[in-house]
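The values are calculated or read from the model by the stated rules, or taken from the named source; none is laboratory data. Keep in mind the model is a prediction, meaning the values are calculated, not measured. No Cβ is skipped: glycine too gets one built from the backbone with ideal geometry, and neighbour counts run over all protein chains shown. Protein only, heavy atoms only, side chains kept; ligands, DNA and RNA dropped before computing areas. Shrake-Rupley method; radii C 1.70, N 1.55, O 1.52, S 1.80 Å.
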Protein chains: 2
Amino acid sequence: MTHVIGVDLGGTKTAAGVVSESGEVLMSGTIPTLNRTGGEAILDATAALVSGLVERAADAGLTASGVGVGSAGVIDAAAGTVVSATDAILGWTGTKLVAGLSARVGLPVRTVNDVHAHALGEAWLGAAAGTDSSLMVAFGTGVGGSFVLNGSPFLGHRFVGGHVGHFASPYAVVDGNPLPCVCGGFGHVEAVASGPAIHAAYLRFGGLASEAADTRGVFAIAQGNHDAVSGVAATAGAAPGAVVAARAAVGLGAKAAGQALGGLINILDPEVVVVSGGLADAGELWWKPMETALRQELLAPLASVPVVRATLGNTAAIVGAAKLVLK
Amino acid sequence: MTHVIGVDLGGTKTAAGVVSESGEVLMSGTIPTLNRTGGEAILDATAALVSGLVERAADAGLTASGVGVGSAGVIDAAAGTVVSATDAILGWTGTKLVAGLSARVGLPVRTVNDVHAHALGEAWLGAAAGTDSSLMVAFGTGVGGSFVLNGSPFLGHRFVGGHVGHFASPYAVVDGNPLPCVCGGFGHVEAVASGPAIHAAYLRFGGLASEAADTRGVFAIAQGNHDAVSGVAATAGAAPGAVVAARAAVGLGAKAAGQALGGLINILDPEVVVVSGGLADAGELWWKPMETALRQELLAPLASVPVVRATLGNTAAIVGAAKLVLK
């Protein structure tokens, strides 16, 4: 029976696991991504992580036959190189990921972008298992997605496909001015529907950074009020104005997310839609207005499209990456 | 050598041709679509058109081996049925297109939606010939599109894929209210970027219906002023206010179209983008602001994506439909 190593190489940490043919993660390990030291150092550290798992697998009588890597950045899956990456991983752009890692570990390596690996994992074993086509969209620090068709994520001609956070959203306009987006553009979905965008909206709506320093804080305040409505005490110390600002910010982000997803469904008509990322896990306060806005967008023949939460959590990208070398 | 019949069945007319293996249209014919008399009458008339072409082909010593139909409406390409159609073709919904036409003409029949047939034609022989992936979007009475990947239009799980006119556009909001869309939704791209939407904007901007009764009239007025700038006399009778309204309306529709296309490119990363429909043929007054808005939306690695006009005109859907039975 074949075993392979699946690697999820993100901006802050790199996780890897020994994955069986059926997608079971038998052993795993995590290291910080050396995001300030450049591509070669990252490859060295990743190779050490992979080789350690290969040895642990061997100790258990298992042979690892290949390595699949889901990596942050725009990844040329054919050449096995990093086309571009943000400053979150300095020096990653241009790295020969497949050649460099393969030479270090002595095994065949394949790679795709981490969001595609994530979607592939969910399509193989998670929320979209058994479907012919699925659209996964993750709402978190950014907004990204992947459309998986017959078991393959659609990568795009220049490997840029799946950048579903970078089309215009009517909600990303404030006083007639489109909000700046991290991509350098303006008025995109990501500029209003990402986690940081929700925190920015909270501040714009009069919330104080001293009461919520980040998106998690905004949700805590909003949720506190929500709990108060249902009879539980509000979050201690949150002023009424902060609660109003927090709930408005979460509602805005959720509506923008749902409207964008609905439009994507009209364009792609996937069998199932998988919603992932930190915001999808934040509870009904985000999910309900998101799904309401989503359903409002749909063309009539799409009314019953299933919209489900991702189920694999952090292992999705590991098993999805493993699947690349399990075919 | 194989010959087949390609049919483009639209809301007002049905065109068909005898198509060679290499995509040459050797003979053709056109009839009005019986859009008030129901599915069976349409099938009868279409069968007569097809059989006439089969006979003409036989007279020339050519044998037609099958029929491909690109039809208006949401088409279940697997079952060969019309899932839904607008009131533009009464009684078309539910028609067993493949079974009914095949029984009448005695030849194998395959069908897809007409926009997919159109895109398939452009991908085979037109503006996207030789590419692995292309996105075609048509801006005319409506806004529709098709993504062709490795020679097959992507149809979607419920055959609704390609409805690229039905996602939100920031330009489809007037005084804070999203414009109604023909799909029943609000604020969609089609509600601001279609031909009728440009005429509606002209009226909203103070233009008079007596000066421009339709979209063509709006372009005539806008173009007249454009010509005046370059030294040619303005359209006789168009008041200065009408010119301002007409140019603003064309500019709005074009910017909305370009912004939407740019977002779609970020999502799909096609090798080439083909722009089709009456608005794409209306000249630089629409194309220039469209392409400027499109380029403004693009992520950096997509900056050089080719955006080209469709080249096959009315034969695109005929040859694309023919291709369905030429594999």
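Values computed for the structure shown
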read-out	value
Chain A - mean residue ellipticity at 222 nm from DSSP helices (-39,500 (n - 2.57) per run, n ≥ 4, rounded to 500)	-12000 deg cm²/dmol
Spin-label model distance (nm) - B:VAL244 vs A:THR2, 7 Å beyond Cα toward Cβ	6.9 nm
Listed residue (B:VAL25, B:SER71, A:LEU26) projecting farthest to the positive dipole end of the protein assembly as shown, Cβ model	B:SER71
Residue and distance (whole Å) for the chain B Cβ nearest the axis that superposes B on A	B:PRO170, 2
Scattering curve values for the stretch A:133-310, log₁₀ I(q)/I(0), Debye with Cα scatterers, q = 0.10, 0.11, 0.17, 0.19 Å⁻¹	-0.39, -0.47, -1.02, -1.20
HN-Hα J in Hz across the stretch A:2-14 - Karplus 6.51, -1.76, 1.60, θ = phi - 60°, x for Gly and Pro	7, 10, 9, 9, x, 10, 10, 9, x, x, 10, 9, 10
Accessible-area ranking of B:SER84, A:SER210, largest first, probe 1.4 Å	A:SER210, B:SER84
Residues in the stretch A:145-176 reached by a label modelled at B:ASN150 [backbone nitrogen below 18 Å; 7 Å Cα→Cβ]	A:147-162
Solvent-accessible area, 1.4 Å probe, carbon plus sulfur percent, for chain A	56 percent
Shortest-first nm distances, A:ALA300 label point to equivalent points in other copies (7 Å, Cα→Cβ)	4.6
For the stretch B:291-327 and the stretch A:1-79, distance of Cα centres in Å	39 Å
Distant alpha-carbon pairs in the stretch B:287-326 (separation over 11 angstrom), percent	72 percent
Average Cα contact separation per residue, the stretch B:133-310, under 8 Å, 6 or more apart, as relative contact order %	23 percent
At 7 Å out from Cα toward Cβ: B:ASP281 inter-copy label distances (nm, ascending)	5.4
Kyte-Doolittle mean at least 0.5, axial Cα span of 15 Å or more - DSSP H helices of chain A	A:39-59, A:240-268
Mean Cα-pair separation over length for chain A, i.e. relative contact order, pairs under 8 Å, 6 or more apart, %	20 percent
Two-site label geometry, B:ALA303 and A:VAL174: point separation in nm, points 7 Å out along Cα→Cβ	2.8 nm
For chain B, size of Cβ-based charge dipole, Lys and Arg +1, Asp and Glu -1, in debye	220 debye
Heavy-atom surface of the stretch A:133-310, accessible at 1.4 Å and reported per residue (Å²)	37 Å²
Kirkwood Rh and Cα Rg combined as Rg over Rh, evaluated for the stretch B:110-207	1.07
Ratio of Rg to Rh over the stretch B:23-125 (Cα coordinates, Kirkwood Rh, two decimals)	0.96
Protection proxy ranking of A:170-176, B:71-77, A:125-131, A:54-60 - average other beta-carbon atoms within 10 Å, highest first	B:71-77, A:125-131, A:170-176, A:54-60
Efficiency of FRET from Cβ geometry, B:ALA79 and A:LEU90, R₀ 51 Å, rounded to 0.05	0.40
Highest average packing first - B:134-141, A:318-325, A:116-123, B:23-30, Cβ atoms within 10 Å	A:116-123, A:318-325, B:134-141, B:23-30
Label distances, nm, B:ALA60 versus same residue in remaining copies, Cβ-directed 7 Å point	6.8
Theoretical FRET efficiency, 1/(1+(r/R0)^6), r = Cβ-Cβ of B:THR30 and A:SER65, R0 56 Å, to 0.05	0.40
Distant-in-sequence amide H partners of B:LEU179 (H built 1.01 Å from N, under 5 Å)	B:VAL173, B:VAL174, B:GLY187
Rule-of-thumb Rg ratio for chain B [Cα; 2.2 N^0.38 Å; N residues]	1.03
Percentage relative contact order, the stretch B:14-107, counting C-alpha pairs under 8 Å, at least six apart	27 percent
Euclidean distance between Cα centres, the stretch A:111-185 to the stretch B:249-284, Å	21 Å
Anchor A:LYS96: aspartates and glutamates whose Cα lies under 20 Å away (excluding residues fewer than 8 positions away in-chain)	A:ASP8, A:GLU40, A:ASP44, A:ASP76, A:ASP87, A:ASP114
Rg over Rh [alpha-carbon atoms, Kirkwood Rh] for the protein assembly as shown	1.01
For A:295-304, mean number of other protein chain Cβ atoms within 10 Å	5
